[in-house]
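These notes are about the structure you will find just below.
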Amino acid sequence: MHIKISFFPPAMQHTSSQNYLEENLRSIISTMVAQFLQKLTYEEVQTTVNELLDFAEKCKSLNLHESPSECSYQLMTTFLEHICNNQGMVDKHVFSDCCNINNTARHKCFLLYKKDDAGHSDIFQIPNPEQICETDKENQASVKERYIYETSRKHPFLYGPTILTMSACYETAIQSCCQQENNTECLQIKLEPIRKYIREISLRHHHLCEIGIKFNHKVAKSVELVLLTKKQLKANFSEIAQLAVDTKNLHQTCCEGNAVACVFGRSQLMNDICSKQTILSSKIIPCCALPVPFRGECIINSENDDKPDLSSLPLSRFTEDRFVCKQFTDKQDDFLQEFLYEYSRRHPELALPVILRVVTVYQNLLGKCCKLEDPLECYSHGREMFQRVVLESHERVKNHCDLHEKLGDNNFHDRLMVLYTKKAPQLSAQELIMFTKSMAAAATRCCPLSDDQQFVCMEDAAKLILGALCRRHEAEPINVNVGHCCDDSYAFRKPCFEDLQVNGTYISPPLPCDQIISLKEVLCKAQEEEFQTEKQKLLSNLVKQKPYATEMQFQSFIVDFTRLVRKCCQAEKSEMCFQEEELKLIEKCQSLLGSKLFQKTST
């Protein structure tokens with residue numbers, strides 16, 4: 001995901017990191033409070049912020065050349081103690097179990113209460129233009145602070161620095177539009193890119209947090225190393241490795257919800273990167289010229305560096321050198337990280353999960369070969385194995401996109417509903433629709449692209465969608481097979497889910513056909529998306545009743561359902577038509593559910 005520098009407003013008055021942080025301390029604390037206490041009203045958040053500001057003032061003296069101040073971590077402890085000492089707040093947010101434990105355990109407990117799907121709309125509602133422009137005229141700070149409050153509570157895993165940056169963009173858009181006559185249209189045009197970016201980057205931040213929590217630090221560091229190498233292809237290994245450690249540590253701080261330490265840490269890291277901009281990447285030079293609010297977001301979303309000529313430096317030392325096993329045995333982590341770096345800079349066109357699959361295969365290969373008498377003969381086949389991993393990943397995406405092209409958007413979504421209801425029948429129909437809708441939308445977006453772009457786009461989308469599915473499993477276990485795919489290997493999560501078959505342990509509560517099918521006149525007034533949802537609910541319920549039926553059998557039933565709805569909606573007496581046709585469809589449903597074709601067969 002890239003955003004152009006032109007996305008950011010012209011340079012504003014903030015040029016000093018220290019001044020910017022001091023001036024925005026209230027906003028930073030507001031972010032932290034609203035992200036932890038999502039149900040608080042705006043006024044309640046501001047009251048809590050005021051009570052914390054006295055302590056937070058001490059953090060203004062933070063030296064940005066040092067690590068984040070202990071003060072910012074003490075502020076988090078003070079904040080959690082404040083919640084636990086406020087009985088009304090504890091009752092309101094059901095935090096009493098967290099308040100009965102101390103220190104790190106308490107902090108982790110509070111993090112578990114953050115909900116991305118807390119029932120808030122993910123679109124910030126634009127007030128009446130006249131009202132917002134009048135409010136902005138009277139008190140610009142109030143408009144910006146309310147935006148920070150709304151964004152923070154709706155996106156509790158979004159990093160604090162990003163919220164501050166986008167609030168500055170939001171503020172500039174409001175001030176610009178309120179000077180124009182067509183302010184409503186202006187606000188819609190200028191705020192939509194901000195909304196879209198917030199939604200997308202929030203998913204990525206939550207995904208990074210999940211990796212850090214679920215998998216060990218080696219996986220998190222490997223993710224950062226690949227991403228950084230692709231951006232800064234000319235930087236040497238030691239520079240990238242250190243930057244990967246610093247970035248991983250920053251992500252951990254941000255994921256812990258400590259907005260103050262997160263903002264301080266981001267500022268420090270970006271200053272460090274900009275001090276080395278000429279040796280890291282030419283693509284970040286324009287970003288480093290931007291003022292503090294926009295510099296970090298610009299660098300993170302900058303394009304990958306131009307690929308250097310590495311033809312004189314083949315990867316053969318990892319597959320043809322006799323000393324590979326010694327290096328692997330002596331310093332396994334360092335050796336694999338260097339392989340990851342060298343492979344990534346030679347293949348910046350590959351998606352992150354694919355590169356991680358290659359290094360996983362290489363690690364397993366060396367683990368096996370280095371126990372043999374002639375390890376070289378064994379691991380010399382590594383290059384062919386790497387190519388096979390990439391080819392298989394390509395083939396999976398190609399088959400997926402070929403099917404999408406053949407079926408079209410709606411039928412492709414129906415196909416995904418059948419597949420994933422079989423894999424995870426414990427999910428509600430609504431949840432299955434939500435996840436498969438995201439998968440179908442990814443295919444619609446990615447499949448028309450060129451082969452390489454299609455490949456990266458689909459892999460990138462899948463890691464986020466499956467990450468969300470795995471967080472759902474973490475909150476309430478779905479089934480053992482889903483758990484295995486979520487927990488076993490981050491790199492191979494996508495192939496694992498694609499290979500899942502029917503979950504044979506699930507027995508659906510019997511559901512009569514007259515409860516599965518509901519042909520009502522209201523379907524005629526439904527928008528296309530609403531109709532698709534109703535159709536897919538029916539489809540999901542059918543699959544749960546007979547998961548071993550073929551897709552063709554389900555498709556035949558859905559075709560009849562769709563045809564009958566279209567027919568009755570065009571009939572003069574649609575209600576009578578629905579009554580008659582519903583009986584026929586129920587009979588067909590009963591016949592199908594009782595048919596031997598729907599009995600469990602060998603898979």
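Observations, loosely collected:
- A dipole drawn for the chain from +1 and -1 charges on Cβ atoms has a positive end, and of Gln527, Ser176, Ser428 the residue lying farthest that way is Ser428.
- Average accessible surface for the chain: 48 Å² per residue, computed with a 1.4 Å probe over protein heavy atoms with every protein chain in place.
- When the listed pairs Lys115/Lys230; Lys423/Lys544; Lys331/Lys368 are checked against a 21 Å cut-off, the alpha-carbon distance exceeds it for Lys115/Lys230.
- Protein accessible area in the chain, 1.4 Å probe - carbon and sulfur %: 51 percent
- Relative contact order of the range 413-479: 33 percent, from C-alpha pairs under 8 Å at least 6 residues apart in sequence.
- Mean projection of the Cα convex hull over all viewing directions, computed for the chain: 32.8 nm².
- Dipole-positive endmost among Val482, Leu203, Ile300 within the chain (Cβ charges, Cα centre): Val482
- Angstrom value of the Kirkwood radius, inverse mean 1/r, which spans all Cα pairs in the range 407-535: 16.2 Å
- Placing +1 on the Cβ of every Lys and Arg and -1 on the Cβ of every Asp and Glu, with no other charges, gives the range 213-325 a dipole of roughly 180 debye about its Cα centre.
- Pairwise centroid distance, computed over Cα atoms, of the range 180-217 with the range 290-343, Å: 29 Å
- Difference of contour (0.36 nm per residue) and Cα-Cα distance, Gln527 to Arg445: 27.3 nm
- Candidate lysines for bridging to Lys573, where Cα separation is under 19 Å - those fewer than 8 sequence places away on the same chain excluded: Lys520, Lys525, Lys584
- Relative contact order for the chain: 12 percent, from Cα pairs under 8 Å spaced at least 6 residues apart, divided by residue count.
- For the range 268-384, the relative contact order is 21 percent, taking Cα pairs closer than 8 Å that sit 6 or more residues apart in sequence and dividing their mean separation by the residue count.
- Cα gyration tensor shape for the range 308-370, rounded if a/c is under 1.5, else prolate or oblate: oblate
- Restraint check, Lys218/Lys307; Lys144/Lys221; Lys406/Lys535; Lys108/Lys221; Lys154/Lys463, Cα-Cα greater than 29 Å: Lys144/Lys221
- Cα pair distances in the range 466-542, grouped into 5 Å bins until the bin that holds the longest one, percent each: 3, 12, 17, 15, 15, 14, 13, 8, 3, 1
- Spatial separation of Cα centroids for the range 407-424 and the range 375-404, in angstrom: 26 Å
- This model, with +1 at the C-beta of Lys and Arg and -1 at the C-beta of Asp and Glu, gives the chain a dipole about its Cα centre of some 1140 debye.
- Charged side chains reduced to their Cβ positions (Lys and Arg at +1, Asp and Glu at -1) give the range 138-265 a dipole of some 580 debye around its Cα centre.
- Database remark: amide H of Leu350 closer than 5 angstrom to no amide H (H placed geometrically; neighbours at sequence offset of 5 or more, or on other chains; Pro and chain starts carry no H).
- Lys/Arg +1, Asp/Glu -1 at C-beta; the chain dipole; positive extreme among Cys262, Leu112, Leu187: Leu112
The values are calculated or read from the model by the stated rules, or taken from the named source; none is laboratory data. Keep in mind that what you see is a predicted model, and the values were worked out from it rather than measured. Note that each Cβ is placed from the backbone with ideal geometry, even for glycine, and that neighbours are counted across all protein chains shown. With ligands, DNA and RNA removed, areas are computed over all heavy atoms of the protein, side chains included. Shrake-Rupley method; radii C 1.70, N 1.55, O 1.52, S 1.80 Å.
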